[in-house]
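The values are calculated or read from the model by the stated rules, or taken from the named source; none is laboratory data. This is a predicted model, so every value here is computed, not measured. Counting neighbours? That spans all protein chains shown, and the Cβs are built from the backbone with ideal geometry, glycine included.
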Amino acid sequence: MKDHLIIFDTTLRDGEQSPGASMTNEEKMRIAKQLERLKVDVIEAGFPASSNGDFAAVKAIAAAIKDSTVCGLARANEQDVRRAGEALKPAKSGRVHTFIASSPIHMKMKLRMTPEQVLDQAVKAVRWAREYTDNVEFSPEDAGRSEVDFLCRLLEATIAAGANTINIPDTVGYTLPWQFGDLIKNLRERIPNADKAVWSVHCHNDLGMAVANSLASVMNGARQVECTINGLGERAGNASLEEVVMAVKTRKDVFPCTTRIDTTQIVAASKLVSGITGFPVQPNKAIVGANAFSHESGIHQDGVLKHRETYEIMRAEDVGWNANKLVLGKLSGRNAFKNRLGELGIDLGSEDAVNHAFARFKELADKKGEVFDEDLHALVSDEQITPEREHYKLIALKIVSETGEVPSAMVTLGTGDSEHSVQTRGDGPIDAMFRAIELMVHSKARMLLYSVNAITTGTDAQGEVTVRLEREGRIVNGLGSDTDILVASAKAYINALNKLHSKQQRLNPQLAA
């Protein structure tokens, strides 16, 4: 029997720390439910002490998720730990994950604490966490640059205090695979009570080594890997969940463990996270990139046609490519529409919401005939802005653009019971439209990103637009989709403005804590 490798996903916590990746509570819930369908073992839902919004999100996810453990992060202080413990009370299976820095540079320059003070605080944090759950994880931050003798003392003490998962983070992506593998092996051999805990790793990708370091640690006894969908995360990101999982699955001859991940849900998870965060997946990204299973070379094409395994070491279908075929069209009824939403794990909450979404589905089907699952995800994304949060609403849009002439746009917005219209010119149709909107709302926001992606293939495909705005340190993503890319752009810009206007949105995670 092979060992079970625990997959710990931190897309909703560490992944959200990517500048601009901050999510609404509804968006975090949608991703959490997809992670549950993916059969992730542990979902790190957030950092409850960082804001009231994150506390509420972790609590809601803890109540909703039944088949995965829900985890909350806490610094090694009593307030943080108790905040995490309270947020996780509704969980069927909850975990408190507490951490404190252990490298000389972090202890001296950041914490201003001695090693003895750090050790004492870590033990206290684990004991506070044990008051809420017997599932406690401890991490020595920046372990990759920590002194091994001190790590041994620290980890032996925290295991004795009740931590049953010990996570070794390569916080700044500094180590190399053979070094990191040796570190895990050394710690497990030297710490007397090492067998009382599951050994975990959390690797960052600053040198492009996150997945390699994670897999090296698995070969040296780690049985939990912390990772994110699409490798999302601050700076260069985290270890990519899909790459770790498929490496272990594809190389069964090498790895002494297996995961419980439903790999057919990988592509769906990738697309959902990409759409919500506005971080597109590069075409040549392993596993989930658009070109991951494409063959341009004639030699390769010939080989694949004769025998797939000549150039493909895994099947595209196994990770979810081509799994979601056309299922709906303009003749599809409400029940078929509702059933397909259920199969995709989409819950709109009320019959009124389903009816409204179905009406929009019919409009879309009339425009493009064939409606794919990706189209349904985009349609539901548009439904997430509820009327009470929709301060600005697009009423009408007219764009004039022709060769040799300066483009112009007339935009009509609704705010409350009133409507306002502005017409102006710009360098292009998109610029003119955004200028017109800004003349009405005076947001003074700075645009950080404007991105357009086709949701499906074909000239009738919906375009999905992401607009990232920043104002006073607050970064939000706006999403919009439509078969008309100009309308999709207007929707995305207004969606972002509504998020800036809403008091329920949290600050960018880097600032909140």
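From the list 59, 66, the lone residue that is at pLDDT 95 or above, over 15 Å from the mean Cα position of the chain (by Cα) and outside any helix (DSSP H, G or I) is 66. Only a single criterion out of (1) at pLDDT below 95; (2) surrounded by fewer than 20 Cβ atoms within 10 Å (Cβ to Cβ); (3) assigned to a helix (DSSP H, G or I) is not satisfied by residue 20, namely (3). Of everything in region 208-259 that is in contact with a Phe, Trp or Tyr (Cβ under 8 Å, 6 or more places away or on another chain) and polar (S, T, N, Q), the residue that is nearest to residue 71 (Cα to Cα) is 224. Residues that are surrounded by fewer than 24 Cβ atoms within 10 Å (Cβ to Cβ) and under 24 Å from residue 276 (Cα atoms) within region 212-236 comprise 234, 235, 236, listed in sequence order. Within region 305-357, take every residue that is at pLDDT 75 or above and in contact with a strand residue (DSSP E or B) (Cβ under 7 Å, 6 or more places away or on another chain) and give me the one that is surrounded by the most Cβ atoms within 10 Å (Cβ to Cβ). By that ranking, first place goes to 337. The criterion of being on the phi < 0 side of the Ramachandran plot, loosely packed, with under 14 Cβ neighbours inside 10 Å and over 30 Å from the mean Cα position of the chain (by Cα) holds for residue 418.
Of the helices (runs of 4 or more DSSP H) contained entirely in region 205-293, those carrying at least 2 residues that are hydroxyl-bearing (Ser, Thr, Tyr) and under 19 Å from the mean Cα position of the chain (by Cα) fall at 266-277. From the list 72, 53, 85, the lone residue that is at pLDDT below 95, outside any loop (DSSP other than H, G, I, E, B) and either over 30 Å from residue 447 (Cα atoms) or over 13 Å from the mean Cα position of the chain (by Cα) (or both) is 53.
Pairing residues of region 172-185 that are closer than 11 Å to residue 211 by Cα and touching a residue at least 40 places away in the same chain (Cβ under 8 Å) with residues that are of a type in the set (Phe, Trp, Tyr) and in a helix (DSSP H, G or I), at Cβ distances under 7 Å and at least 6 apart in sequence or on separate chains, gives no pairs at all.
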